[in-house]
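Heads up: the structure comes next, in structure tokens.
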Amino acid sequence: MFLSTSLSAALDRIAERAADVRRAYTPAAVPQEDDVAAPTTISDFTLDPLAVSAPDGVYFATNDDRGRTTYTRDGSFALRGGKLVDADGRPVLGERNQSGILGELAVDPVDEVLGRIHDAGIERDGSFAYRRDVLDPRSGRRESQRVVVGRIALARFPAGTRLETSDGSHCIAPAGVVAENGFATERGFAPLVPMHRERSRVDVDESLIRLKEAYLAFDALQAAEAARAHLGKTAMDLLK
């Protein structure tokens with residue numbers, strides 16, 4: 001059975017609306033359609049020291065599996081294989097040793113192998129740090145050292161820029177638009193909010209309403225095409 005162009009378009013609309021409903025339950029997700037966007041940004045407290053909420057209009061930078069820079073609002077970070085990664089396992093970008101060069105943030109491999117990484121967390125200025133216990137060879141006493149891996153990079157875009165997204169969590173900049181990179185508490189970037197996780201930016205009630213409307217529009221189109229086909233058959237029968 002072949003669908004008409006209008007019915008195919010209506011099914012695509014249903015799929016888009018259903019995707020926004022699913023995004024309503026994904027932390028920091030952005031909607032595909034602006035008419036279901038939540039009016040305000042809300043973050044919730046969490047006991048996870050690697051979770052952090054970004055200022056409004058600011059994104060974290062990550063690398064995808066093709067090496068492209070993508071942007072996300074979701075600060076639900078984790079430490080995997082020694083690297084700081086986002087909820088989907090993408091490496092988080094930042095600056096190490098005030099080098100001015102952005103790269104993946106990873107802990108000292110020796111500390112990781114020896115199991116010396118404790119209390120890893122992210123601070124208001126974007127510092128990704130942990131504590132390691134070392135043994136002083138002279139005194140034999142165990143000491144605790146604070147190790148700063150680097151600072152998480154932030155990105156913002158010119159006013160009115162609409163980033164492109166396929167999954168609601170990761171975005172890419174439109175062609176010709178360059179991100180302004182920086183760090184929390186510097187050059188007009190507000191501080192991060194540690195131990196907070198941003199809620200989805202999709203209004204669940206509004207997205208469900210729009211999904212219902214899309215289904216009703218599809219049903220109406222289907223009924224109209226069925227009636228048209230029936231009238232066409234009746235006309236042909238009369239001509240016989």
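The values are calculated or read from the model by the stated rules, or taken from the named source; none is laboratory data. Everything quoted here is computed from the prediction, not taken from an experiment. With ideal geometry, Cβ positions are generated from the backbone for all residues, glycine too; neighbour counts draw on all protein chains shown. Side chains included, ligands, DNA and RNA excluded: accessible areas come from the protein's heavy atoms. Shrake-Rupley method; radii C 1.70, N 1.55, O 1.52, S 1.80 Å.
Distances between placed amide hydrogens fall under 5 Å for Val202 paired with Ala38, all partners being 5 or more residues away or on another chain. Shown in residue order for the stretch 153-161 are the 3J(HN,Hα) couplings computed by the Karplus curve 6.51 cos²θ - 1.76 cosθ + 1.60 at θ = phi - 60°: 7, 10, 9, 9, 10, x, 4, x, 5 Hz (x for Gly and Pro). Of the residues Leu135, Leu11, Leu221, the one that moves most in a GNM of the chain with alpha-carbon contacts below 10 Å is Leu135. When peptides 137-150, 70-83 are ranked by their average number of other Cβ atoms within 10 Å per residue, the highest-first order is 70-83, 137-150. Distant-in-sequence amide contacts of Gly150, defined by a placed amide H-H separation under 5 Å and a gap of 5 or more residues or a different chain, comprise Phe128.
When the Gaussian network model of the chain links Cα atoms closer than 10 Å, the mean-square fluctuations of Pro194, Pro49, Pro39 top out at Pro39.
Multiplying the residue separation of Ala78 and Leu11 by 0.36 nm and removing their Cα-Cα distance gives an extension gain of 20.4 nm.
Within the accessible surface of the stretch 96-240, defined with a 1.4 Å probe on protein heavy atoms only, the carbon and sulfur portion equals 55 percent.
Compactness ratio of the stretch 1-125: Cα Rg over 2.2 N^0.38 Å, N = residue count? Could the numbers behind the result be given before it?
Working: Rg = 19.1 Å, N = 125, 2.2 N^0.38 = 13.8 Å.
My calculation over the Cα atoms of the stretch 1-125 gives 1.39.
In a fully extended conformation the segment linking Glu186 and Tyr215 would gain 5.7 nm over its present Cα-Cα distance, using 0.36 nm per residue. Translational diffusion coefficient, Stokes-Einstein: compute it for the chain using the Kirkwood radius over C-alpha pairs as Rh, at 25 °C and 0.890 mPa s, and state it as an integer in µm² s⁻¹. This corresponds to a translational diffusion coefficient of 118 µm²/s. Rounded to 0.05, the FRET efficiency of the Arg162 and Ala229 pair, given R0 = 51 Å and the Cβ-Cβ distance, is 0.80. Would you please name the chymotrypsin sites (Phe, Trp or Tyr not before Pro) within the stretch 111-205 that are DSSP coil residues with at most 15 other C-beta atoms within 10 Å of their C-beta? Passing sites in the stretch 111-205 do not exist.
In the chain, the DSSP-assigned H stretches of four residues or longer account for a calculated mean residue ellipticity at 222 nm of -8500 deg cm²/dmol, using -39500 (n - 2.57) per stretch and the full residue count as denominator.
Among Val36, Val134, Val177, whose mean-square fluctuation peaks in a Gaussian network model of the chain (Cα, cutoff 10 Å)? It is Val134. The HN-Hα couplings worked out from phi for the stretch 69-76 by the Karplus form 6.51 cos²θ - 1.76 cosθ + 1.60 (θ = phi - 60°) are 7, 10, 10, 9, 8, 7, x, 7 Hz, whole numbers, x standing for Gly and Pro. Shown in residue order for the stretch 210-222 are the 3J(HN,Hα) couplings computed by the Karplus curve 6.51 cos²θ - 1.76 cosθ + 1.60 at θ = phi - 60°: 5, 5, 4, 4, 5, 5, 5, 5, 5, 4, 5, 5, 4 Hz (x for Gly and Pro).
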